[in-house]
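To start, the structure under review is shown below, and the notes come after it.
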Amino acid sequence: MHRKLWLAAGGAALAMLATFMITIRPYAWPQAAQQWGPNDRNRPEPPIITPGTESTQENPGRPPSDAIVLFNGKDLSNWEAVKGGPAKWTVGDGYFQTVPGVGDIQTKDSYGDFQLHVEWATPNPPHGTDQDRGNSGVFLHGLYEIQVLDSYNNVTYADGEAAAVYGQYPPLVNAARPPGVWQMYDIAFHGARFDSSGKLTRKANVTVFYNGVLVQDHVEIMGPTAHHERPPYTPQPDRLPLRLQDHHHPVRYRDLWIRELKEGQ
Ligand code: MG
């Protein structure tokens, strides 16, 4: 009698375990949020980091403790020329600057989805008008340009202003500061995804704060940015370098840092 009971209990336990593995397992990792009810104290806490400090015009702020610093204020050791070889932009006191004609530079490392902070300043006094005035660009994944331009009292086509997704989305407002003044972009970016056959499964998207003002609100990027055209997506790796544009104007950069996001964040 005793033995039969044990066998029955053992059988029931095995059945429960099998049911658990079949029903729970597919949901346990990728959709972790669904296994937690409201206010569950067993739910893992977020990692603790030390937030950064605000920049002033005189000094760049301190990045959050978990950020990757892309410019150490002294040299371009994290950067290289897009056409190959070392990055030959000049480095000043706490900033670096485009050298007109030298060409674009890019990070030596590649990044997937991320939060990015960039500060930049256009020449003062300003030179030129329209697109020919303090033009540079932050190319996310080296493909999608967030326009850098002196857009202070300077009219150009809407989707070519500072903080535009170039040729696709104008910024919601023109939040430009005057030339020579440090300005900042805070960007949240999720790259495109392709399946193993190269088919596009997710378009890239981007959110941009320009000098603290929301100017791109989670817009879906149409494809690589270009002048007078909108090329289609082509299969790309999930992780790519960040690129800065030499548009033949001496634009300065400082305080560049990036925080990579985990899949699903
Ligand atoms: Mg540009």
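The values are calculated or read from the model by the stated rules, or taken from the named source; none is laboratory data. Bear in mind that the values here come from a model prediction, so they are computed numbers and not experimental data. Cβ: placed from backbone, ideal geometry, glycine included. Neighbour counts: every protein chain shown. Keep in mind that these areas ignore ligands, DNA and RNA; they rest on the heavy atoms of the full protein, side chains included. Shrake-Rupley method; radii C 1.70, N 1.55, O 1.52, S 1.80 Å.
Would a scan of segment 168-178 turn up a residue that is part of a loop (DSSP other than H, G, I, E, B), within 16 Å of the ligand (Cβ to nearest atom), in contact (Cβ under 8 Å) with a residue 24 or more places away in the chain and closer than 25 Å to Ser55 by Cα? Looking for residues that are part of a loop (DSSP other than H, G, I, E, B), within 16 Å of the ligand (Cβ to nearest atom), in contact (Cβ under 8 Å) with a residue 24 or more places away in the chain and closer than 25 Å to Ser55 by Cα, one finds at least one in segment 168-178, hence yes. The set of residues in segment 184-197 being within 25 Å of Trp257 (Cβ to Cβ) and either touching a helix residue (DSSP H, G or I) at 6+ places or on another chain (Cβ under 7 Å) or more than 14 Å from the ligand (Cβ to nearest atom) (or both) consists of Met184, Asp186, Ile187, Ala188, Phe189, His190, Gly191, Ala192, Arg193. The set of residues from segment 25-47 being surrounded by 10 or more Cβ atoms within 10 Å (Cβ to Cβ) and either farther than 25 Å from Asp66 by Cα or modelled with pLDDT under 65 (or both) comprises Pro26, Tyr27, Ala28, Pro30, Gln31, Ala32, Gln35, Trp36. So for segment 70-83 (the condition being within 16 Å of the ligand (Cβ to nearest atom) and open to solvent by less than 40 Å² (accessible area, probe 1.4 Å)), does at least one residue qualify? No, segment 70-83 contains no residue that is within 16 Å of the ligand (Cβ to nearest atom) and open to solvent by less than 40 Å² (accessible area, probe 1.4 Å). Before we move on, is Tyr169 within 16 Å of the chain's Cα centre (by Cα), surrounded by 20 or more Cβ atoms within 10 Å (Cβ to Cβ) and under 19 Å from Thr225 (Cβ atoms)? Considered against the rule, which asks whether it is within 16 Å of the chain's Cα centre (by Cα), surrounded by 20 or more Cβ atoms within 10 Å (Cβ to Cβ) and under 19 Å from Thr225 (Cβ atoms), Tyr169 comes out as no.
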